[in-house]
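Chemist: My questions will all concern the structure given below.
Here, each number is a calculation from the coordinates, and none is a lab measurement. Only a predicted model underlies this, so the values are computations on that prediction, with no experimental measurement involved. Backbone-built Cβ (ideal geometry, glycine too); neighbour counts: all protein chains shown.
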Amino acid sequence: MIRGHPEFQDRREAGQRLAARLMHFARVHPVVLALPRGGVPVAFEVAQALGAELDLLFVRKLGAPGYEELGIGAVVDGADPQLVLNEDIVRQLAPSPNYIKSEMRRQLAEIERRRHIYLGDATPIAVTGRTVIVVDDGIATGGTVKAALKGLRKVHPARLVLAVPVAPAEGLAALASECDEIVSLAQPYPFHAVGMHYAEFDQTSDEEVIRLVRDARKFGHSITPPNTATRP
């Protein structure tokens with residue numbers, strides 16, 4: 001990146017450029033999963049270009065007993081929600097199985113609340129046996145993305161692809177073992193923060209997410225209708 005000249009004008013342009021690198025996946029009818037909220041405008045452009053289904057992928061941290069800011073793992077949403085534990089922290093703190101189950105239920109309830117805001121009664125798209133492209137607007141620490149990929153791997157997609165406009169090279173290297181392929185347009189150094197690599201990086205609103213998901217239905221039949229998939 002040249003100082004004063006960010007790589008991307010906005011998330012829409014980033015998504016269009018990312019889509020150009022992903023066009024070869026159009027023939028396999030992939031599922032595009034956006035990490036809300038900032039990943040949604042990027043993923044919308046990808047899904048539109050590929051004629052792909054678009055869904056949202058929610059990840060919620062599980063807080064440690066008495067220390068909610070310390071994550072003992074995460075729950076990853078989907079047709080078959082998955083628990084991803086940080087085994088090192090779990091060994092140190094030894095939370096009870098009942099605590100973990102309770103915390104998972106609590107975070108799943110929050111995911112359901114947020115999913116209903118954005119998607120109404122629509123159910124998540126099942127991704128087992130399909131090519132899945134996970135999209136965000138960029139990666140900083142990579143913690144959320146890592147949990148998302150680990151959770152998705154448990155439901156056995158045919159191919160798992162991470163696609164982001166911008167990320168630090170070392171962050172991508174740390175995620176390489178969690179997916180089959182990584183597509184990234186820029187790995188600037190020094191990296192600093194995701195927003196520094198966009199000329200426009202306003203917060204994505206709930207209203208924009210709702211609109212983009214609704215519009216995506218026109219080209220990808222994006223969200224599975226109610227009662228066509230089962231959830232635990």
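Chemist: In this structure, does E7 turn out to be surrounded by fewer than 24 Cβ atoms within 10 Å (Cβ to Cβ) and out of contact with any strand residue (DSSP E or B) (no Cβ under 7 Å at 6 or more places or on another chain)?
Modeler: No, not satisfied.
Chemist: Out of the range 1-28, which residues are free of Cβ contacts under 8 Å to residues at least 60 places away in the same chain and either farther than 21 Å from Y118 by Cα or hydrophobic (A, V, I, L, M, F, W, C) (or both)?
Modeler: Residues satisfying the conditions are I2, R3, G4, H5, E13, Q16, A19, A20, M23, H24, A26, R27.
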